[in-house]
Amino acid sequence: MLSEGTIIALSTPQGSGAIGVIRLSGSTAIEKAAHFILPKSKKEWSEIQPNTAFLGDFCNDGQLIDEVLVAFFKGPNSYTGEDVVEISCHGSPYIQQKIITSFLDEGILPAQAGEFTLRAYLNKKMDLSQAEAVADIIASENEAAHALAIQQMRGGFSKNMEQLRQQLIQFKALIELELDFSEEEVNFANKDQLRELLQTLHKEIRTLKQSFAYGNVIKTGVPVAIAGKPNAGKSSLLNALFKEEKAIVSSIPGTTRDIIEDTLIIQGISFRFIDTAGLRETKDVVEAMGVKKAKDKITQATILLYLYEKTTAFETLSKEIKTLQHENLNMVLIENKIDQNTEGFDSVFNQKLLNTVHDSSKAFGMGISTLQEESLEPLKKNLVETIQALGNNASVIVNNTRHFHALTLALEALELVMEGLENDIPGDLLSIELKEAIFHIGSITGTIDADEDILGTIFGQFCIGK
């Protein structure tokens, strides 16, 4: 996907605005820019220091197109590692297009999606995981996602991966050294120390892999399903959280028949609340479809807010709660409409329901009234704490599906090595599995030669101009 030669693209969004930024990168970037841009200072381009900005007139065939602000950087001290010129012009689409067309007429090539960052990667200005973090920064819509992307772009994750890779390489070297001296029966590695090292590496990789549960929902938004019997107050809760009428509220059971979804940011974390149809057996075909959709959404949720009224029988509620559970689900059992009960929230009844959840560490109970805004604050606090707890055990968080897949394969290879060591498998076979683990860890940062199709997939997701 990489073009040879100098490339150009608009790096700011299309359309009218105060300014637009046009970027060039390549061996002829400065030469071509000097052909069109006359510095206001009357200096020659050769007299201007790189990494500074200056005012100039952009002219084509003697016609003034715009007054521009120019910054240029000499490779390798630039974002891409090549000569780079950035032109800030007025935000008129006509001006932007006129400037870009002028360069295209001089043989400059239009940049493809992500090509500036791809060149930065190929010129070793950043590794593959850092390049992917650039896209995550651009796409981040909340504080938590931004913080994760910044950490990865600054190399925290890359250093962790390289340390793991080096430890695996050292382990492999010891195994292969023994193979070289197998006839002399020389042992270079203490088997107990090797087991200990493998267990440490296995624990580190497993912890990183498990952190994906946190990193992925931070990146994409935490799916929170709101479920319960008809008229339990699901739509009222959605409306109360968003402080607007997102869903129709009616005393008629079965009003909500389709999925209503919207995103709310709480303490820097995006939560995707999903209001679902009331769970019940029904002969109404449309409502039945809504119930099926509701159950599908619950299977995909990270958190389930299960609303109930105290008037519903315990056996009915506990039976339904059991059917909704799945391995990765965190449940909040909520008694709604506590303002209508003279005794308030019945914590004993709620605890009895919590006892029916197979993993009590993933369950929490409370009482609310959607008519009392202050009663929703503990719920919001619980949502944030539940998600933060997912990432508490990892100093580095994985938020990329490709990285998660690579860690999974590395972990599987490492487990085969551990099994082989216990069963006295020959060293040459252990070495093969170690090579697999090293390959998968290296693929995360691009330490190995990255496949062109992989690069095309990764950088093709970037916006043009980045």
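Which residue pairs have Cβ atoms under 6 Å apart, sit 6 or more places apart or on different chains, and have a first residue in segment 332-345 that is at negative phi and a second that is aromatic (F, W, Y) and open to solvent by less than 20 Å² (accessible area, probe 1.4 Å)?
Pairs that qualify, where the first residue is at negative phi and the partner is aromatic (F, W, Y) and open to solvent by less than 20 Å² (accessible area, probe 1.4 Å), are L333/Y306.
Conditions first: (1) part of a loop (DSSP other than H, G, I, E, B); (2) touching a Phe, Trp or Tyr at 6+ places or on another chain (Cβ under 6 Å). E4 passes all but one, so which condition is the exception?
All conditions are met except number (2).
Could you list, in sequence order, the residues of segment 365-413 that are surrounded by 16 or more Cβ atoms within 10 Å (Cβ to Cβ), in a helix (DSSP H, G or I) and of a type in the set (S, T, Y)?
Answer for segment 365-413, where residues must be surrounded by 16 or more Cβ atoms within 10 Å (Cβ to Cβ), in a helix (DSSP H, G or I) and of a type in the set (S, T, Y): S375, T386.
I65 passes all but one of (1) part of a strand (DSSP E or B); (2) under 24 Å from I138 (Cα atoms); which number fails?
Answer for I65: the failing condition is (2).
Under 8 Å by Cβ, and 6 or more places apart or on different chains, what pairs join a residue from segment 400-421 that is without any contact (Cβ under 8 Å) to a residue 40 or more places away in the chain with one that is crowded, with 17+ Cβ neighbours inside 10 Å and hydrophobic (A, V, I, L, M, F, W, C)?
A406/I441; A406/I444; A413/L434; A413/A437; G420/L430
Name the single residue that is farthest from the chain's Cα centre (by Cα) among those in segment 87-110 being open to solvent by 50 Å² or more (accessible area, probe 1.4 Å) and touching a residue at least 40 places away in the same chain (Cβ under 8 Å).
Out of the qualifying residues, it is E106.
Taking the conditions exactly as written (open to solvent by less than 10 Å² (accessible area, probe 1.4 Å) and either touching a Phe, Trp or Tyr at 6+ places or on another chain (Cβ under 9 Å) or in a helix (DSSP H, G or I) (or both)), does Q166 satisfy them or not?
On the way: open to solvent by less than 10 Å² (accessible area, probe 1.4 Å): no; either touching a Phe, Trp or Tyr at 6+ places or on another chain (Cβ under 9 Å) or in a helix (DSSP H, G or I) (or both): yes.
It is false that Q166 is open to solvent by less than 10 Å² (accessible area, probe 1.4 Å) and either touching a Phe, Trp or Tyr at 6+ places or on another chain (Cβ under 9 Å) or in a helix (DSSP H, G or I) (or both).
Quick check on my filter: what residues within segment 422-450 are assigned to a helix (DSSP H, G or I), open to solvent by 20 Å² or more (accessible area, probe 1.4 Å) and modelled with pLDDT of 80 or more?
E422, L429, I432, E433, K435, E436, I438, F439, H440, S443, listed by residue number.
May I ask you to list the residues in segment 12-40 that are assigned to a loop (DSSP other than H, G, I, E, B) and either open to solvent by 70 Å² or more (accessible area, probe 1.4 Å) or under 19 Å from K74 (Cα atoms) (or both)? Show your work before the answer.
Initial filter on segment 12-40 (assigned to a loop (DSSP other than H, G, I, E, B)): 12-18, 26-28, 40.
Once the filter is applied, which keeps residues that are assigned to a loop (DSSP other than H, G, I, E, B) and either open to solvent by 70 Å² or more (accessible area, probe 1.4 Å) or under 19 Å from K74 (Cα atoms) (or both), segment 12-40 yields P13, Q14, S16, A18, G26, S27, T28, K40.
Residue by residue, here is whether (1) in contact with a Pro (Cβ under 9 Å, 6 or more places away or on another chain); (2) part of a helix (DSSP H, G or I); (3) surrounded by fewer than 14 Cβ atoms within 10 Å (Cβ to Cβ) holds:
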residue: Y306; (1), (2), (3): no, no, no
residue: E320; (1), (2), (3): no, yes, no
residue: T323; (1), (2), (3): no, yes, yes
residue: E327; (1), (2), (3): no, no, yes
residue: I334; (1), (2), (3): no, no, no
residue: G344; (1), (2), (3): no, no, yes
residue: V348; (1), (2), (3): no, yes, yes
residue: Q351; (1), (2), (3): no, yes, yes
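Of the residues that make up segment 275-289, is at least one at pLDDT 85 or above, surrounded by 14 or more Cβ atoms within 10 Å (Cβ to Cβ) and closer than 20 Å to F364 by Cβ?
Restricting attention to segment 275-289, the residues satisfying the condition of being at pLDDT 85 or above are none.
No; the residues of segment 275-289 include none that is at pLDDT 85 or above, surrounded by 14 or more Cβ atoms within 10 Å (Cβ to Cβ) and closer than 20 Å to F364 by Cβ.
The values are calculated or read from the model by the stated rules, or taken from the named source; none is laboratory data. Note that the structure is a prediction, hence the values are computed from the model and not measured. Counting neighbours? That spans all protein chains shown, and the Cβs are built from the backbone with ideal geometry, glycine included. Heads up: the accessible areas ignore ligands, DNA and RNA and are worked out on the full protein's heavy atoms, side chains in. Shrake-Rupley method; radii C 1.70, N 1.55, O 1.52, S 1.80 Å.
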